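The values are calculated or read from the model by the stated rules, or taken from the named source; none is laboratory data. Remember, it's a predicted structure, so these values are computed and weren't measured experimentally. We place every Cβ from the backbone using ideal geometry, glycine too, and count neighbours over all the protein chains shown. The protein model used for the area step is the full one, side chains on, heavy atoms only, and it has no ligands, DNA or RNA in it. Shrake-Rupley method; radii C 1.70, N 1.55, O 1.52, S 1.80 Å.
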Amino acid sequence: MRFEDIYKSNYVAGYITEAASNKEPFMGEAFFPNDRTVGLSIDWLRQTLGVNVMLNVSNFDAQPKIRTREGFKTENTEMAFFRESMHVRERDMLMLAMAESQNNPYVRQAMAHAYDDVSKLVDAADIAIESMRMQLLATDAGTPKISLGTVDNTIYTYNYDPDGTWKSGHYASMTGTSAWDKPDTATPLDDINNAKRALRKLGFTPVYALMNSNTFNYLLKSAQIKAAIVNASGTAVTYVNEANVKEAFRQNTGLTILLYDKVYKDYMGTEQQFYPDDMVTILGSDRVGTTWFGTTPEERTLIGNPATDITVLDRGVAITVTPEPGPPVKILTTVSQLAIPSYEGMDGVYVLNVNGD
């Protein structure tokens, strides 16, 4: 029995799909659902709805005035390409050679090890996507952009607001005594409601306030939040819990808090949060963009090649399995994706840097 006879890309894909059902979901996919396209770049329509203009007055028997079509702006973004490989080594193949059938425990042990390696690559592909989505939702100094670092310190940047027009109406920074880490003087409910009103003036309906638990802890200590709880209960409080604060926040802003604390490791092995500290993103319940997956070089050129085994996951991640005769004998497994989020609904999003000092 040869290792490659049962180590197939479709088996690997099936294992990964099954394992993914047990892990914590990525929140960004709810606001940037996955879709597929052909090519290296995408064109997307940015909503700029705003407040409508009243209908023009006209004379009888006169030609109507032609209104300029507004509300959408076409944007073009080239996709980011990701690719990485791992080897199934000779030790794994020797373990398989000791087995007489696929029911032998040696096979299960070898395959579990090999599948786990590839699962890490596919999970890493998903991490790259979620990082991009969260960089857009928690903007860097008010500029919605994506920065992708590599192991050789190359930085790729995608700027979604090159002229700065989005920042002027969708971003605010709390500094000095207004910063949320100043519990006695900060007014987080006012800050949220100001941002909410800005979005409502543009015709959008905010629903959620996205933050992580470190930022939420500012609300637990906030004098304004405690005063709001006093007003609701009629009794003074010195200690509040998470449920109290979430309810007071909802009653006074109309928004539901979403806490997102999922973490990952960057290229340097340092643990990072998908959603950073000191940021709050206000947005509605609808999608704000799309996570687009293109056709990878592997999918475009290798499908049908008898020397290569390739399976493409439904979202567009390609898994390629290629035996190498060596020496040493190896099976090279490559995971690749071509992807980028679009941000059609960015004008329905408002971002606060609550500790801008």
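Of the residues in the range 228-248, not one is surrounded by 15 or more Cβ atoms within 10 Å (Cβ to Cβ), farther than 22 Å from Gly345 by Cβ and in contact (Cβ under 8 Å) with a residue 40 or more places away in the chain. Restricting the search to helices (runs of 4 or more DSSP H) fully inside the range 135-247 and requiring at least 1 residues that are in contact with a strand residue (DSSP E or B) (Cβ under 9 Å, 6 or more places away or on another chain) gives 165-170, 188-201, 213-221.
Would a scan of the range 212-225 turn up a residue that is out of contact with any helix residue (DSSP H, G or I) (no Cβ under 7 Å at 6 or more places or on another chain), open to solvent by 70 Å² or more (accessible area, probe 1.4 Å) and of a type in the set (D, E, K, R)? Yes: the range 212-225 contains one or more residues that are out of contact with any helix residue (DSSP H, G or I) (no Cβ under 7 Å at 6 or more places or on another chain), open to solvent by 70 Å² or more (accessible area, probe 1.4 Å) and of a type in the set (D, E, K, R). Picking from residues in the range 180-214 that are among the hydroxyl-bearing types (Ser, Thr, Tyr) and more than 17 Å from Asp278 (Cβ to Cβ), the one that is modelled with the highest pLDDT is Tyr208.
Filter the range 263-295 down to the residues that are among the hydroxyl-bearing types (Ser, Thr, Tyr), open to solvent by less than 40 Å² (accessible area, probe 1.4 Å) and assigned to a loop (DSSP other than H, G, I, E, B), then identify the one that is modelled with the highest pLDDT. So the residue we want is Tyr275.
Please work out which residue is modelled with the highest pLDDT, limiting yourself to the range 323-355 and to residues that are surrounded by fewer than 19 Cβ atoms within 10 Å (Cβ to Cβ) and of a type in the set (A, V, I, L, M). My answer is Leu332.
Looking at this structure, is Ala209 among the small types (Gly, Ala, Ser) and open to solvent by 10 Å² or more (accessible area, probe 1.4 Å)?
No.
Remark: pairs (first residue in the range 298-322, more than 18 Å from Ala339 (Cβ to Cβ) and buried (at least 18 other Cβ atoms within 10 Å of the Cβ); second residue at pLDDT below 85 and of a type in the set (D, E, K, R); Cβ separation under 7 Å; 6+ apart in sequence or on different chains) = Asp309/Lys8; Val321/Lys8; Val321/Asp309.
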